[in-house]
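The values are calculated or read from the model by the stated rules, or taken from the named source; none is laboratory data. Remember, it's a predicted structure, so these values are computed and weren't measured experimentally. Counting neighbours? That spans all protein chains shown, and the Cβs are built from the backbone with ideal geometry, glycine included.
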Amino acid sequence: MTPALLFDLDGTLIETDPIHAAVFVEMFAEEGREIDESYYYDHIHGRLNDDIFGDAFPGRDPKVMADTKEARFRERLGDRADPMPGLPALLDRAEAEGWGMAVVTNAPRANAEAMLAALRLTTRLPILIVGDELARGKPDPLPYQTALDQLGVLAQRSLAFDDSPSGVTSASRAGIPTLGLRSSLTHDRLTAAGAHDTIADFTDPTLGVWLDRMQKEDT
């Protein structure tokens, strides 16, 4: 069966955490709460917006706050962004080998589509699985399992890339060999959440070892 590459989006295909963190700091300050980047990575990073705002502000409508937050994010993102180093070459190899590919994210669809458009990857990565459109988002395995089902591939013949604890937990619980991206968190933090290994970005030599192994198993 054909192998597949499954990608998270924020912090994996594109470095967006500084934008997200800045917007959350701004919105929490407007509600009289002071947070910093460490709070963002410990309590917000990788989670669904409804859970974040519902936990932080029980008396407020989390969907209204989420819509405000994401509109501010898209405004700051703009219409052009650089991909994570090494990503274009990885996509070239995957296409040449005929591997399946999908994006699996907890980001709202409007954000995900805006990021893919800014990266000029909308047509190259057309399969987009959005966690908040499913019964359960990450860290539940359902988003990654849904991607496997849509691609018609086996978990053990695939490779997932994610940068958050909730994401690597989701992918590894779906039975997928998972590489954590050290775009914001350490190797130890990611492996503790379920990553089988970690890479700095898509130029990391460790990635080549995993890709060669997957290619060998495909022959």
Within the bounds of segment 204-216, is there any residue that is farther than 23 Å from Ala96 by Cβ, touching a strand residue (DSSP E or B) at 6+ places or on another chain (Cβ under 9 Å) and either assigned to a helix (DSSP H, G or I) or not assigned by TED's automatic domain parsing to the domain that holds His43 (or both)?
no
Name the one entry in Ala110, Ala22 that is surrounded by fewer than 18 Cβ atoms within 10 Å (Cβ to Cβ) and closer than 30 Å to Ala4 by Cα.
Ala110
Inspect all residues belonging to segment 117-129 and state whether any of them is farther than 17 Å from Thr16 by Cβ and not in a loop (DSSP other than H, G, I, E, B).
yes
Just to be sure before I move on: is Ala160 crowded, with 22+ Cβ neighbours inside 10 Å and out of contact with any His (no Cβ under 7 Å at 6 or more places or on another chain) in the structure I sent?
yes
For Ile35: the one exception among (1) surrounded by 15 or more Cβ atoms within 10 Å (Cβ to Cβ); (2) in contact (Cβ under 8 Å) with a residue 12 or more places away in the chain; (3) out of contact with any Lys or Arg (no Cβ under 7 Å at 6 or more places or on another chain); (4) among the β-branched types (Val, Ile, Thr):
(2)
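Of these, Pro88, Pro3, Pro62, which one is at negative phi, in contact with a Ser or Thr (Cβ under 8 Å, 6 or more places away or on another chain) and surrounded by 13 or more Cβ atoms within 10 Å (Cβ to Cβ)?
That would be Pro3, the only listed residue that is at negative phi, in contact with a Ser or Thr (Cβ under 8 Å, 6 or more places away or on another chain) and surrounded by 13 or more Cβ atoms within 10 Å (Cβ to Cβ).
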Please verify whether segment 145-158 includes one or more residues that are part of a helix (DSSP H, G or I), touching a Leu at 6+ places or on another chain (Cβ under 6 Å) and in contact (Cβ under 8 Å) with a residue 60 or more places away in the chain.
yes
Would you be able to say whether some residue in segment 123-130 is touching a Lys or Arg at 6+ places or on another chain (Cβ under 6 Å) and under 13 Å from Ala102 (Cα atoms)?
yes
In segment 158-174, what residues are within 11 Å of the chain's Cα centre (by Cα) and β-branched (Val, Ile, Thr)?
Val168
Determine if segment 173-189 includes at least one residue that is polar (S, T, N, Q), part of a helix (DSSP H, G or I) and either touching a helix residue (DSSP H, G or I) at 6+ places or on another chain (Cβ under 8 Å) or more than 16 Å from Ala94 (Cβ to Cβ) (or both).
no
Looking only at residues that are out of contact with any Pro (no Cβ under 8 Å at 6 or more places or on another chain) and assigned to a helix (DSSP H, G or I) in segment 52-63, which one is nearest to Glu31 (Cα to Cα)?
Ala56
Would you pick out the residues in segment 10-32 that are without any contact (Cβ under 8 Å) to a residue 12 or more places away in the chain and among the polar types (S, T, N, Q)?
none
Kindly evaluate Leu181 against the criterion of being at pLDDT 95 or above and more than 15 Å from Glu15 (Cα to Cα).
no
Taking the residues in segment 24-55 that are in contact with a helix residue (DSSP H, G or I) (Cβ under 7 Å, 6 or more places away or on another chain) and small (Gly, Ala, Ser) as candidates, determine which candidate is nearest to Asp8 (Cα to Cα).
Gly46
Which of (1) without any contact (Cβ under 8 Å) to a residue 60 or more places away in the chain; (2) of a type outside the set (A, V, I, L, M); (3) assigned by TED's automatic domain parsing to the domain that holds Gln150; (4) closer than 21 Å to Ala21 by Cβ is the odd one out, the single condition Asp132 does not satisfy?
(1)
